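Read the structure below first, then the notes.
The values are calculated or read from the model by the stated rules, or taken from the named source; none is laboratory data. If you're wondering where the values come from, they're calculated on a predicted model, not measured in any experiment. Every residue, glycine among them, receives a Cβ derived from its backbone with ideal geometry; neighbour counts consider all protein chains shown. Only protein heavy atoms, including side chains, enter the accessible area calculation; ligands, DNA and RNA are left aside. Shrake-Rupley method; radii C 1.70, N 1.55, O 1.52, S 1.80 Å.
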Amino acid sequence: MTKLIIQGGRKLSGELEVTAAKNSYLPILAACLLCEEKIELHNYPYYSDTESMCEIITSLGGRIEKEGSVLTVDPSSLFSWKIESELASKVRSSIFTLGALLGRFKRAHVAYPGGCEIGARPIDIHLAGFRKLGVRVEEKHGYIYCNAEKMHPASIMLDFPSVGATESLIMASVNLEGQTRILNAAREPEIVDLQDFLNAMGADVRGAGSSEIIISGVKKLRGCSFTPIADRIIAGTYIIATAMCGGDVLLNGAKAEHLRALIDKIDKSACMIEVKNDKIRVKSDARPIAVGKMETSVYPGLPTDLQAQLLALATISEGSSMIVENVFESRFKHVPELIKMGADVHVKDRVAFVRGVKHLYGASVSGMDLRGTASLVLAGLVADGYTMISNVHHIDRGYKNIEIELSKLGADIKRIDD
Ligand code: EPZ
């Protein structure tokens with residue numbers, strides 16, 4: 001089994017290029033299914049989740065070529081609209097293909113999606129939106145059967161600003177004659193990136209980043225070349241790592257405006273952050289001061305995908321913190337593992353109460369989901385002694401060779417197969 005071994009206590013210093021956003025690449029890969037011409041995507045990050053999406057595209061008849069950081073997708077020979085469970089259940093983003101397949105074939109048979117076990121992760125908002133568009137939706141035997149022969153434009157009010165539902169419904173509407181509106185849409189930067197990608201293919205999508213998105217159907221999409229944005233959650237993870245370990249790190253490629261909530265929360269208390277164009281410099285030379293109350297929310301609020309990492313920061317900060325997880329109902333699986341390392345945390349419902357301790361201690365811990373495993377890595381970087389982390393496949397879903405990246409910054413971290 002693959003594990004990460006970390007000897008804590010090293011400061012971090014140096015420079016890193018922030019790799020492309022997983023949560024941009026995944027919907028953009030799904031959106032490639034809408035087009036019948038070749039698409040060239042840059043800065044391909046080789047996360048295991050994006051690799052799974054490439055597998056889904058080839059299973060439908062698409063062709064994929066990878067040359068270094070350039071991914072070429074040729075969806076011209078797509079012949080299927082069916083995604084079996086063994087592939088669909090690997091990633092949450094398989095559900096994004098529903099909208100794209102409806103846009104391409106007017107039908108789709110897709111097995112329920114997978115993804116991190118951080119809650120029930122229903123798809124009712126996705127399906128309610130498709131029904132509003134006149135799609136016939138049937139769920140049986142673990143599959144979603146959709147028939148869009150009678151699909152028509154509509155005004156869709158989302159019950160909750162779901163990122164995935166917003167993205168799915170945009171994709172379903174880009175070549176639907178007429179104008180479709182999505183109200184109470186999610187506002188994440190990755191949705192703006194999806195809009196930019198679709199418009200680079202000749203679509204007419206406007207309003208992404210706001211809570212009202214308007215899609216005017218176009219007849220045909222054309223091939224294009226596109227570079228997705230940098231991953232704000234990876235950038236946030238390294239900012240928090242530096243705040244915890246101390247040091248001086250320069251992150252290239254990430255947009256500070258995508259991390260405003262994090263920066264406002266921890267700048268001056270846990271670290272010093274300087275922003276220059278698309279470079280973020282983080283310095284820390286003292287024990288972080290607890291930030292008190294933190295609540296995750298939809299963008300532009302504090303991202304739920306940084307909650308676990310912020311909780312790790314809180315475990316060694318001076319003072320107490322209260323962390324409220326408002327987006328997912330079961331996203332504290334990293335807490336029992338952090339407690340094994342000496343953290344003083346107790347959870348009640350969606351609230352984690354953290355009392356900062358001076359030291360964490362190396363231990364054998366297990367990753368339970370993507371961002372929770374990232375928080376165990378951060379804790380290992382500051383713990384006294386050795387930390388052994390198992391189930392590292394979770395972290396490989398959204399970080400490429402995290403041990404190599406952190407070693408570049410001076411951490412003592414190795415990947416072993418035992
Ligand atoms: C996306 O998941 C991201 N994944 C998640 O990142 C991220 O945490 C989440 O958005 C919120 O920002 C990808 O983009 C691949 P949602 P998604 O639909 O689309 C409820 C990571 O670590 N909901 O906005 O699944 C849902 O249960 C991952 O990179 C419904 O009730 O998130 C949750 O409580 C984890 N019905 C809330 O909405 C639905 O039909 C937010 O979910 C859909 C969602």
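Some observations on this one:
- Where GluC sites (Glu not before Pro) in DSSP loops with at most 16 other Cβ within 10 Å are excluded, longest remaining stretch of the chain: 178-328
- His393/Asp344 FRET efficiency (R0 22 Å; Cβ-Cβ; nearest 0.05): 0.15
- Local net charge near Ile215, Cβ-Cβ under 10 Å (Lys/Arg +1, Asp/Glu -1): +1
- Relative to the longest principal axis of the Cα atoms of the chain, the long axis of helix 189-200 makes an angle of roughly 40 degrees.
- Only protein heavy atoms count here; under a 1.4 Å probe, His359 has an accessible surface of about 90 Å².
- Each distinct pair of alpha carbons in region 1-153 adds a 1/r term; the inverse of their mean, the Kirkwood radius, is 16.9 Å.
- Cα Rg, Dmax, region 279-418, angstrom units: 14.5, 42
- With Rh defined as the Kirkwood radius, the inverse of the mean 1/r over Cα pairs, the Rg/Rh of region 108-183 is 0.96.
- Region 1-63 - Debye-derived log10 I(q)/I(0), Cα point model, q = 0.16, 0.27 Å⁻¹: -0.68, -1.24
- Whole-percent P(r), region 108-260, all Cα pairs, 5 Å bins from 0: 2, 8, 15, 17, 17, 16, 10, 7, 4, 2, 1, 0.
- The Gln179 and Asn401 beta-carbon pair, evaluated with R₀ = 45 Å, returns a calculated FRET efficiency of approximately 0.50.
- Loop sites by DSSP among the trypsin sites (Lys or Arg not before Pro) of the chain, restricted to those with at most 15 other Cβ atoms within 10 angstrom, leave 1-149 as the longest stretch without any of them.
- Gyration tensor (alpha-carbon) shape descriptor, the chain, a/c threshold 1.5: prolate
- Contour excess over end-to-end distance, with Cα ends at Glu329 and Glu55 and 0.36 nm allotted per residue: 95.6 nm
- When the solvent-accessible area of region 348-399 is split by element, carbon and sulfur atoms take up 56 percent of it, the probe being 1.4 Å.
- Stretch gain in nm, segment Asp267-Lys414, where the contour uses 0.36 nm per residue and the Cα spacing is subtracted: 49.9 nm
- Over all Cα atoms in region 196-291, the spread is summed up by Rg and Dmax: 18.1, 58 Å.
- Region 235-303 - Rg over Rh from alpha carbon coordinates, Kirkwood radius: 0.94
- Relative to the longest principal axis of the Cα atoms of the chain, helix 370-382 runs at roughly 20 degrees.
- Length available on full extension from Ser80 to Arg63: 0.36 nm per residue minus the Cα-Cα distance, which gives 4.8 nm.
- Accessible area per residue for region 272-418, computed on protein heavy atoms with a 1.4 Å probe, is 41 Å².
- Note on region 345-418: Cα convex hull, mean projected area over all directions, 5.8 nm².
- Model label sites at Asp124 and Lys219, defined 7 Å from Cα along the beta-carbon direction, differ in position by 4.2 nm.
- All aspartates and glutamates inside 18 Å of Lys333 as judged from Cα atoms, apart from same-chain residues fewer than 8 positions distant: Glu117, Glu295, Asp305, Glu325, Asp344, Asp349, Asp369, Asp396
- Pairwise centroid distance, computed over Cα atoms, of region 21-100 with region 359-418, Å: 28 Å
- For region 85-134: rounded, prolate or oblate by the Cα gyration tensor [a/c cutoff 1.5]: oblate
- Dipole-positive endmost among Ala148, Cys54, Leu406 within the chain (Cβ charges, Cα centre): Ala148
- Among residues other than Ile5 with Cβ under 13 Å from its Cβ, the summed charge is -1 (Lys and Arg +1, Asp and Glu -1).
- Within straight-line cross-link reach of Lys220, aspartates and glutamates at Cα separation under 12 Å, skipping those fewer than 8 residues along the same chain: Glu36, Glu37, Glu177, Asp204
- Given Lys358/Lys414; Lys279/Lys348; Lys132/Lys265, the pairs whose alpha carbons are separated by over 28 Å: Lys279/Lys348; Lys132/Lys265
- Eligible aspartates and glutamates near Lys408 by straight Cα distance, threshold 16 Å, same-chain separation 8 or greater: Glu15, Glu17, Asp248
- Over the chain: helical MRE at 222 nm, DSSP H runs n ≥ 4 each giving -39500 (n - 2.57), nearest 500: -9000 deg cm²/dmol
- DSSP-defined beta bridges in the chain - what % are antiparallel, rounded to 5: 70 percent
- For region 143-220, diffusion coefficient by Stokes-Einstein and Kirkwood Rh (Cα), 4 °C, 1.567 mPa s, µm²/s: 104 µm²/s
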